[in-house]
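Read through the structure below, which is laid out as structure tokens, and then see the notes.
The values are calculated or read from the model by the stated rules, or taken from the named source; none is laboratory data. All figures in this text were calculated on a predicted structure; none of them were measured in a lab. Cβ sites come from the backbone with ideal geometry, for glycine too, and all protein chains shown count toward neighbours. Protein only, heavy atoms only, side chains kept; ligands, DNA and RNA dropped before computing areas. Shrake-Rupley method; radii C 1.70, N 1.55, O 1.52, S 1.80 Å.
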Amino acid sequence: MLGATGTIGRATARTLIADGHEVVCFVRPRAGAGGTLGADDSARLLDGATLRFGDVTDPASLAQDGFRGETFDALVTCLASRTGAPLDAAAIDHRANSVALAAALKHGVTQVVLLSAICVQKPLLAFQKAKLAFEAELIASGLTWSIVRPTAFFKSLSGQVDRVRAGKPFLVFGDGRLTACKPISDGDLARFIADCLTNTSRHNRILPIGGPGEAITPRQQGEALFRLLGREPRFRQVPVGLLDGIVWGLGTLGRVFPALADKAELARIGRYYATESMLVLDPATGRYDAAATPSTGTETLIDFYARLIEGDAAIDRGDHAVF
């Protein structure tokens with residue numbers, strides 16, 4: 001398994017272990033956001049798995065330190081670039097997965113389950129194009145494959161809990177109704193990914209998936225959060241035009257100062273998520289379709305907000321925090 005120290009990867013590894021699979025995780029010696037996890041930390045997080053350490057972007061390390069000449073039945077990859085910047089996306093979302101696929105083909109792997117993202121339906125960003133490039137390679141590989149494209153993660157939608165609890169307004173772009181999603185928990189997504197190994201109806205399919213319940217807008221997320229805190233809703237509306245100005249300014253400066261080019265891409269990512277729904281896209285109409293977006297699992301985002309407020313859950317946003 002690759003990407004096992006990320007939040008989704010960690011949950012998936014634990015689910016696979018609980019299901020009785022023999023799980024071998026290939027991880028970096030210093031893993032986690034900013035390399036904060038040492039080998040012992042990774043071992044504690046992935047108790048029950050066999051850990052092997054190396055560099056997933058290096059074909060020699062993957063072969064010698066990861067596969068070690070052994071035969072494996074399946075490859076589960078939850079790899080994702082940390083920033084989405086072009087070089088990071090090319091190195092991880094595409095090239096590292098591609099290297100792993102080539103190694104898998106040499107070591108008896110017959111099945112690959114890939115964690116992708118629902119936003120690749122409308123690929124305007126570097127990381128989306130990198131993910132699609134690997135998806136195409138996987139589909140053409142001749143192996144049995146499942147490509148899982150989840151909607152929004154709970155951690156991505158929980159960045160404002162502390163600011164609202166501190167008495168600040170909930171920030172929304174536009175009127176807060178520009179977008180919608182069906183958020184999915186780490187555990188529910190991990191269950192769905194793990195079942196792709198044995199559920200033949202999910203083989204050789206692209207699988208968009210969301211969590212339970214109706215699609216929810218940012219304004220509805222804020223209203224629910226205030227309700228749980230027993231407070232009157234307060235919103236601050238941020239015009240999308242402000243994001244446009246930031247994207248234009250950083251993009252222009254990035255042509256002169258290369259260090260700003262990645263920041264321009266991050267601004268483009270921010271604008272994308274502020275204006276595009278994380279739901280199935282109807283290619284005929286160009287509109288997002290909540291009814292066509294499958295659901296799974298039991299935990300809703302509002303359930304998670306309640307657990308956060310009670311102190312029964314924590315947020316690990318890593319390098320992806322926005323607010």
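Tally the DSSP beta bridges in segment 11-121 and give the antiparallel ones as a percent, rounded to 5.
Here the antiparallel bridges make up roughly 10 percent for segment 11-121.
Using alpha-carbon pairs under 8 Å, 6+ residues apart, how would you state the relative contact order of segment 48-107 in percent?
40
State the answer as a single residue: which of Pro258, Pro150, Ala96 lies farthest towards the positive end of the charge dipole of the chain, with beta carbon charges of +1 for Lys and Arg and -1 for Asp and Glu, about the Cα centre.
Ranked along the dipole, the leading option is Pro258.
With +1 on the Cβ of every Lys and Arg and -1 on the Cβ of every Asp and Glu, and nothing else charged, how large is the dipole of segment 34-132 about its Cα centre, in debye rounded to the nearest 20? Write out the running numbers ahead of the final one.
Values: 9 positive and 10 negative charges, 88 e Å.
My answer is approximately 420 debye.
What do you reckon, how do Thr300, Thr151, Thr71 stack up by accessible area (1.4 Å probe), largest on top?
Thr71, Thr300, Thr151
Could you tell me what a quarter of the Cα convex hull surface of segment 23-105 works out to, in nm² with one decimal place? Could you put the intermediate results ahead of the total?
Numbers: hull surface 21.4 nm².
Seen from a random direction, the Cα hull of segment 23-105 projects 5.3 nm² on average.
Give me the dipole magnitude in Debye, nearest 20, for the chain about the Cα centre, with unit charges on the beta carbon: positive for Lys and Arg, negative for Asp and Glu. Could the numbers behind the result be given before it?
Values: 35 positive and 34 negative charges, 172 e Å.
The calculated dipole for the chain is roughly 820 debye.
In whole Å, what are the Cα extents of segment 177-295 along the three principal axes, biggest one first?
52, 43, 31
Angle check, please: helix 126-139 long axis (alpha carbons) against the longest principal axis of the chain (alpha carbons), in degrees 0 to 90, nearest 10.
It works out to around 40 degrees.
Give the carbon-plus-sulfur fraction of the accessible surface of the chain in %, rounded to a whole number; probe 1.4 Å, heavy atoms of protein chains only.
54
What percent do you get for the relative contact order of the chain when only Cα pairs under 8 Å and 6+ apart count?
On the way: 576 pairs, mean separation 58.2, N = 323.
Value for the chain: 18 percent.
Counting other C-beta atoms within 10 Å, and keeping those with at most 16, which DSSP coil trypsin sites (Lys or Arg not before Pro) do you find in segment 219-309?
Arg231, Arg234, Arg255
Specify which residue in the list Leu45, Pro29, Val120 is farthest towards the positive end of the charge dipole of segment 1-128, using unit charges on the beta carbon of Lys, Arg (+1) and Asp, Glu (-1), about the Cα centre.
Val120
Kindly report the accessible area of the chain per residue (heavy atoms of protein chains, probe 1.4 Å, no ligands, DNA or RNA), in Å².
Spelled out: the 1.4 Å probe surface of the chain, per residue, equals 46 Å².
Probe 1.4 Å, all protein chains in place: accessible area of Ile269 in Å², nearest 10?
Per-residue accessible area (Ile269): approximately 20 Å².
Could you tell me which residue out of Thr110, Gly20, Gly84 lies farthest along the dipole of segment 1-113 toward its positive end? Charges go on the beta carbon: Lys and Arg +1, Asp and Glu -1, centred on the Cα centre.
In segment 1-113, that residue is Gly84.
Quick one: putting +1 on the C-beta of Lys and Arg, -1 on the C-beta of Asp and Glu, what dipole do you get for segment 185-323 around its Cα centre, in Debye to the nearest 20? Working shown, then result.
Working: 15 positive and 18 negative charges, 90 e Å.
Dipole size: approximately 440 debye.
If you take every DSSP beta bridge fully contained in the chain, what fraction is antiparallel? Give it as a percent rounded to 5. It would help to have the intermediate numbers written out before the result.
On the way: 5 of 32 bridges.
Beta bridges within the chain, antiparallel portion: roughly 15 percent.
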